[in-house]
1. For every other residue with a beta carbon closer than 12 angstrom to the beta carbon of residue 59, add +1 if it is Lys or Arg and -1 if Asp or Glu, then tell me the sum.
2. In whole percent, what relative contact order does the chain give with Cα contacts below 8 Å and a gap of six or more residues?
3. Mind putting a number on the dipole of the chain about its Cα centre? Charges go on the C-beta only, +1 for Lys and Arg and -1 for Asp and Glu, and I need it in Debye to the nearest 20.
4. In the chain, with Lys and Arg counted as +1 and Asp and Glu as -1 at Cβ, which of these residues, 35, 25, 68, has the Cα nearest the positive end of the dipole, that is, farthest along it?
5. With a cut-off of at most 14 other beta carbons within 10 Å, and DSSP calling the residue loop, which trypsin sites (Lys or Arg not before Pro) in the chain qualify? Please list them.
6. Counting only residues 5 or more places away or on other chains, whose amide H sits under 5 Å from the amide H of residue 71 once H atoms are built in the peptide plane?
7. Could you give the Stokes-Einstein D for the stretch 10-79 in µm² per second, using the C-alpha Kirkwood radius, 4 °C, 1.567 mPa s?
8. I need the shape label for the stretch 1-45. Rule: rounded when a/c is under 1.5, else prolate if a/b > b/c, else oblate, with a, b, c from the alpha carbon gyration tensor.
Amino acid sequence: MIIVCPTAIAAPWAAPANEPFLLACLEEVMLLYNVDENRVYLTGHSMGGFGAWSFGPKHNELFAVVAPMSGGDPTVSRS
């Protein structure tokens, strides 16, 4: 198991600077380690949950599972 826990460059996770950073992190891990590309999971807790909601659907082809925890979907209105 390989666990990667990046920290956002700018809050919130949906900030434009974070997307290329996360893609670069994923690419680097794939290059450095023997990663089964069919078993890459994305999750996050609290702010990371918001990040999983923000990043996962945009790049769902990269992940077998997207499982946010304790973070809301910023695209869903509460009213």
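1. Around residue 59, the surrounding residues sum to -2.
2. Contact order relative to length: 28 percent.
3. 300 debye
4. Of the listed residues, the answer is 68.
5. Answer in residue order: 39, 78.
6. Excluding prolines and chain starts, which carry no amide H, the hits are 46.
7. In µm²/s, the coefficient is 102.
8. Prolate is the answer for the stretch 1-45, as a/c is 1.5 or above and a/b outweighs b/c.
Each value in this text was obtained by applying a stated rule to the coordinates, not by laboratory testing. This one's a predicted model, so the numbers in the text were calculated from it and none came from an experiment. With ideal geometry, Cβ positions are generated from the backbone for all residues, glycine too; neighbour counts draw on all protein chains shown.
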